[in-house]
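One structure follows; several queries about it will come next.
The values are calculated or read from the model by the stated rules, or taken from the named source; none is laboratory data. What you see is a predicted model; the values in this text were computed from it and never measured. Neighbour counts are summed over all protein chains in view; Cβ atoms, including those assigned to glycine, are modelled from backbone coordinates with ideal geometry. Heavy atoms of the whole protein, side chains included, go into the accessibility calculation; ligands, DNA and RNA do not. Shrake-Rupley method; radii C 1.70, N 1.55, O 1.52, S 1.80 Å.
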Amino acid sequence: MAKEPVRVLVTGAAGQIGYALVPMIARGVMLGSDQPIILHMLDIEPATEALNGVKMELVDAAFPLLIDVVATTDAMVACKGVNIAVMVGGFPRKEGMERKDVMSKNVSIYKAQASALEKQAAPDCKVLVNLHRQSRRKTSPCLTRLDHNRALGQLSERLKIHVGQVKNVIIWGNHSSTQYPDVNHATVTPTNSEEKPVRSVVADDNWLNTEFITTVQQRGAAIIKARKLSSALSAASAACDHIRDWVLGTPKGTWVSMGVYSDGSYGIQSGIIYSFPVTCDKGQWSIAQGLKIDDFSREKMDATAKELVEEKTLAYSCLN
């Protein structure tokens, strides 16, 4: 029996990330090869012509799963009945800018879109925010899956193995240069071998505690320097990974990184949006518990939490 279509909203759909993301959704990368999609695309009025061009390309691609496309500059129309919202529209980060530099510009954008979602979206709508926004909505994770995937990629390149052989890295904290990529609980399964701790296989604590961390932290800036544009393809792919695991569940024994509402776990101040190791089941996320935290990790986890407290204050001041 055919499934009912799922309505997926992409904001900033005519932008770089949106343009990379919508064909992935339409092809089934996000929700599976048997899930029909009705795609809602929202962008600003100056992008109307480009947005219509994206819609034409989606029609021309003849995606079997794509039932219909709504392309609009009206947030109330775009949000009507949506089951999933991927918020990737906003003022772009440019070379030399930290994420907090663009926060004040983006807060007003997200505020208007959040209002439309609250009024028009399905009651159980899942919302993913690409900007690590200090949200008032406790159930809306932010996208640190990109950083998580970057960490997996760096380890797979270092070990010259497939990225699928590495799991359970953790991104703690902010989607910024203060984030802490943690491998202390990560494992690798070498070809024709049993699962082993990443630290024992890499066998270079100096690299793991220095260059590995800074490379992941600064990867976004490195891509901007190389492309003169911010990450798009990898961000779109990470958004698909995030929603897929949230909706369909994480594999047993595996967690992923999500920026979620802190409940005080691991000594992190309650009420901030902070990236934790998370498992998902039946459309719900929960923070993985009981992981040992050493002194090196504690210091870095607290430093990125401090930045997030400051960002929350800034974000709320911009709302008033």
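Tell me, what is the 1.4 Å probe accessible area of residue 263, in Å² to the nearest 10?
Accessible area, nearest 10 Å²: 100 Å².
Here's another thing I want to ask about it. For the chain, what is the mean residue ellipticity at 222 nm derived from helices alone (per DSSP H run of n ≥ 4: -39500 (n - 2.57); sum divided by total residues; nearest 500 deg cm²/dmol)?
After summing the helix terms and dividing by residue count, I get -13000 deg cm²/dmol.
To continue, here is another question. Roughly speaking, to the nearest percent, how much of the range 6-129's 1.4 Å accessible area is carbon and sulfur?
That share works out to 54 percent.
With label points built 7 Å along Cα→Cβ from the Cα atoms of residue 218 and residue 316, find their separation and express it in nm.
Distance between the two pseudo-spin positions: 3.4 nm.
In the chain, which helices (entire DSSP H runs) extend 15 Å or more along their own long axis, judged by Cα positions, while averaging at least 0.0 on the Kyte-Doolittle scale?
Qualifying helices: 16-27, 48-61, 233-248.
Also: For the cross-link pairs 282/312; 126/252; 55/160; 126/312; 80/167; 225/312, which exceed 32 Å when the distance is taken from alpha carbon to alpha carbon?
55/160; 80/167
Once the whole set of protein chains is in place, how much accessible area is left on residue 33, using a 1.4 Å probe, in Å² to the nearest 10?
110 Å²
In a GNM of the chain with a 10 Å cut-off on Cα contacts, which of 260, 129, 69 has the highest mean-square fluctuation?
Highest fluctuation among the options: 69.
Students often check this: by mean Cβ neighbours within 10 Å, which of 210-222, 233-245 ranks highest, and how do the rest follow?
So the peptides 210-222, 233-245, ranked by packing, come out 233-245, 210-222.
Just the number please: accessible area per residue for the chain, 1.4 Å probe, all protein chains included, in Å².
Per-residue accessible area for the chain comes out at 46 Å².
Still on this structure: What is the gain in length, in nm to one decimal, between residue 248 and residue 59 on full extension, counting 0.36 nm per residue of separation less the C-alpha to C-alpha distance?
Extra length from residue 248 to residue 59 when fully extended: 65.3 nm.
Another question about this same structure. Report the dimensions of the chain along its three principal axes from the alpha-carbon atoms, largest first, rounded to Å.
52, 49, 38
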